[in-house]
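Take a look at the structure set out below.
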Amino acid sequence: MSFIKKFIEQETVSRRNFLLASAYGISGAAAMRMFGPSPVQAATYADPTIAWSYRNRTNPYWNEIVSGGEAFVESLGKQKEFLTHLINEGSSEKSLADVKALLAKTNGELALAIDTNDAPNARPVVEACVEAGAYVSTLWNKTDDLHPWDFGDNYVSHMTWSDEGPAERTARILLDAIGGKGGVVHLGGIASNNPAIERLDGLKNALKDYPDVELLDAQPADWDTQKAAQIMASFITRYGDEITGVHCANDTIGYGVLEALRAEGMDVPIVTYDGNPQAVDLVAEGKILATVFTNPHWGGGITASLAYHAAVGHFKPSDEPNEHREFYGPTIFVTPDDAREFKTNYLENVPTYDWQDFWGPSNGQIMYK
Amino acid sequence: MTDISAQTEALGGLLTRDRIVRWAPVLVLVALVLLFPFFEFLADLVEGKEHVYLLDSRFFSIRNGARIGIAATPALMVAVGATFIIIMGSIDLSMEGTISVCAVLFAFAFLGWGGTLASWAWLAIPLALVVGALLGFVNGMIHVRLKIPSFMASLAMGFVGTGLALLLTGGDRLRVEDELFRSLLTVRWLNFPIMCYVALAFLLLAWFIQSHTALGRNFYAVGGGEQLAQSSGLNVARVRIMGFTLAGIFFAVGALLAVGRIGIAETATGNNFMFVSITAVVVGGTALWGGIGGVWNTLVGVLIVNVINNGMVVIGLPPYVQDGVLGTLVILAVALSTNRKSVTFVK
């Protein structure tokens, strides 16, 4: 039956494209829209629906992302409820189905910011949006062969973070703090998650320059505080005083490590990642040596903003250079020296961002290995 | 419970099939506790280090026992709550949501009413227990009055709980940093932190309820043969609702200990408790079809699961085989502790 559904979908799209094309007085645009990028500006909308599609708000990180999306919507003079939330609960199928449902409901008049849950799901989501004439900006997940510039204006942008470099830098801070000798353990995220892999790779890169430091063990703690505490306790049993430093894949793991150390009355330097408020406090207190802030609030806001401003026609994505279509998000290092200042500037008073400064805080074009 | 059939046999008196099955979980636990040090011994042997078996073991030490204890106590409380339900032949999967709600409400109240146990904030502890009881009561009412299978009713209530906790916190985490409350983790008596003794006290309470109250005996009656219990005049619906309420209270105790352990209350506080507690109950020898087992089985089951988790890291098992090993050991433990002769069918 799917071919019938597809036929109806295509018919709907062609009819709409035909009407739009007539309205713009551009003959042939309808046909061209069906076959890849168009040299003309895709249809824009006066007041598109703005939506964020993501896992859920339980995780503080995604909570920050979405609060950025809400801040952006409020900057348009709308209620934050104007932002439509598509929650995939970790299911790519639900992610795609929700997007298709919203495309049908809005008739394609949609500015969508999305993390597609896994990389392969990015293509069907983008294709569905392009076909419906909606504007989509992706965050984190996409395959390496999928590029915004292959889809004209409708696939606006992709932003991600490379964690290897920043994780290497925090590792160096840790390794310097322990005097370049001893043993470190690493507690990672869910083993198959890309950031988890990159953050461990960062540590391994740094270790090459510190021959007297041994990587005693690395185990996945699944980004979970309680699991991290248990694994750290087991590490302490196995290695005891051999552990002179701990490299954690993120802040929530770091909290568990600190509690496990506290239960034993041990004091070992640790570094974390993500720059959550509690971690920044702990950095200021000197309990964590360093963390990395990736500014999820800005990331969530700017992703929605890019899709929106493209959808209303404030800029034409295909006129922008490639580094404005695929780029790395910001990374800010937080160390005991600047933790308090950082907290005042970024966390206690969430800065009012200029949501039309799309690329100012970003970190260069994405490089593929 | 005495085993009459075992006593009548003179020679096989010590090693009847029944008795082996009954003590299988303990045997598994003892075997594991001896197995992990053996791997350490082998590792040191290969490296040529001097190693006296057990004596030089890092796993087989009081310090590590305390670490396993810290890891096990919140899960033990949750599993004890689930035990009552499973004895009745039902199942309760609402623990993750219940724990999150209890933890979050406890933290809100505790921080709001003074933030230290030395003030009125101590009232947050009974509040959390009441909230747990209430959630369990609602759970039981839905199961009994709406006649929804406990599996579905409790699973759904768990989701409601997680959602409620998220609504309350808005995704934030609450820090409970009161030194007095955190002494659950930081103060030790005889090498073990206070939270282990708190758990022990509640375990004894659970044992008392199980074997010295009418309610406890009714759990077995319902699990052993619900229709028989019903026709003997037992108000099964009431027993079920009380069982779920009691389980809710134990989930709340687990939540308090979990917060005491890491000093954070959040929506994620309840994560992973469902798997650990149900596994522990079953591994301990409490049968999923009801009527068999009890809280001591659950203690052994929780210890087995936590000894495995701790031991695998201590002997340096690669992370990618750990889940597989855990699953295999669970099947092994359940297979050993199930008396297949007494079970005609498994659903």
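What follows draws every value from the coordinates through simple rules; no lab data is involved. These figures come from a predicted structure and were not determined experimentally. Heads up, the Cβs are rebuilt from the backbone with ideal geometry, glycines too, and the neighbour counts pull from every protein chain shown.
Among A:Met232, B:Met152, the order by Cβ neighbours within 10 angstrom, fewest to most, reads B:Met152, A:Met232. In terms of other Cβ atoms within 10 Å, A:Phe333, B:Phe84 run from fewest to most in the order A:Phe333, B:Phe84. The dipole here belongs to chain A: it is taken about the Cα centre, uses +1 on the Cβ of Lys and Arg and -1 on the Cβ of Asp and Glu, and is about 1120 debye. Peptide A:212-223 has a mean shielding of 2, counted as Cβ atoms of other protein chains within 10 Å of each residue's Cβ.
Under conditions of 20 °C and 1.002 mPa s, the range A:155-243 yields 154 µm² s⁻¹ as its translational diffusion coefficient, taking Rh as the Kirkwood radius over Cα pairs in the Stokes-Einstein equation. Note: the protein assembly as shown, Cα convex hull, 194 Å³ per residue. The separation of the range A:129-156 from the range A:271-303, counted between C-alpha centres, amounts to 29 Å.
The residue among B:Ala66, B:Ala247, B:Val314 whose Cα reaches farthest toward the positive pole of the charge dipole of the protein assembly as shown, with charges on the beta-carbon of Lys, Arg, Asp and Glu, is B:Ala247. Once you reduce the range B:72-95 and the range A:226-253 to the center of their Cα atoms, the two points are 29 Å from each other.
With a cut-off of 14 Å between beta carbons, the residues surrounding A:Asp267 carry a summed charge of -2, where Lys and Arg count +1 and Asp and Glu -1.
Evaluating 6.51 cos²θ - 1.76 cosθ + 1.60 at θ = phi - 60° for every residue in the range A:140-146, the Karplus couplings come out as 6, 9, 6, 7, 5, 8, 9 Hz, glycine and proline recorded as x.
Pairwise inverse Cα distances across the range B:17-143, averaged and inverted, put the Kirkwood hydrodynamic radius at 18.6 Å.
From the Kirkwood radius over Cα pairs of chain A, Stokes-Einstein at 10 °C and 1.306 mPa s returns a whole-number translational diffusion coefficient of 73 µm²/s.
Annotation: amide H-H contacts under 5 Å for A:Glu214 (H modelled 1.01 Å from N, sequence separation of 5 or more, or interchain): A:Gly182, A:Gly183, A:Val184.
The charge dipole of the protein assembly as shown, taken about its Cα centre with unit charges on the Cβ atoms of Lys, Arg (+1), Asp and Glu (-1) only, comes to about 2820 debye. Normalised by residue count, the range B:147-220 yields a Cα convex hull volume of 164 Å³ per residue. Extents of the range A:112-266, taken as max minus min of Cα coordinates on every principal axis and listed largest first, are 60, 32, 18 Å. Relative to one another, the C-alpha centroids of the range B:27-63 and the range B:243-303 are positioned 29 Å apart. Looking at the protein assembly as shown, the DSSP beta bridges with both ends there are about 20 percent antiparallel. If you wrap chain B in the convex hull of its Cα atoms and look at it from every side, the mean projected area works out to 20.5 nm². Step through the table entries A:Lys100/A:Lys343; A:Lys80/A:Lys316; A:Lys80/A:Lys142; A:Lys80/A:Lys100; A:Lys105/A:Lys316; A:Lys78/A:Lys100, compare each Cα-Cα distance with 30 Å, and write down the pairs that go over it. As for pairs spanning more than 30 Å Cα to Cα, those are A:Lys100/A:Lys343.
Partner shielding of A:248-254 amounts to 1, given as the average count of beta-carbon atoms from other chains within 10 Å of each residue beta-carbon.
Let me make sure I get this right: for the range B:221-347, a, b and c are the square roots of the gyration tensor eigenvalues over alpha carbons, sorted descending. Under 1.5 in a/c it's rounded, otherwise prolate if a/b > b/c, else oblate. Which is it? Oblate, since a/c reaches 1.5 and b/c is not below a/b. Summing charges over neighbours of A:Ala290, with a neighbour being any other residue whose Cβ is under 15 Å away from its Cβ, gives -4 when K and R count +1 and D and E count -1. The calculated 222 nm mean residue ellipticity attributable to helices in chain A amounts to -13500 deg cm²/dmol, summing -39500 (n - 2.57) over DSSP H runs of n ≥ 4 and dividing by all residues. Under the convention that each Lys and Arg Cβ holds +1 and each Asp and Glu Cβ holds -1, the size of the dipole of the range A:164-293 around its Cα centre is about 80 debye. Would you work out the Kirkwood radius for the range A:228-303? I mean one over the mean of 1/r across all pairs of different Cα atoms, in Å. Averaging 1/r across every pair of different Cα atoms and inverting gives 12.9 Å. The residue list B:Thr98, B:Ala124, B:Met77 was ranked by how far each Cα lies along the charge dipole of the range B:40-146 toward its positive end, using unit charges on Cβ atoms, and B:Ala124 comes out on top. For chain B, the 222 nm mean residue ellipticity estimated from helices alone, with every DSSP H stretch of n ≥ 4 adding -39500 (n - 2.57) and the total spread over all residues, rounds to -23500 deg cm²/dmol.
Other residues within the sphere of radius under 12 Å centred on the Cβ of A:Pro124, judged by their own Cβ, net out at -1 (K and R +1, D and E -1). Loop-resident trypsin sites (Lys or Arg not before Pro) (DSSP state other than H, G, I, E or B) in the range A:150-255 with no more than 15 further Cβ atoms inside 10 Å of their Cβ: A:Lys181, A:Lys208. Note on B:311-320: average number of Cβ atoms from other chains within 10 Å of each residue's Cβ is 4.
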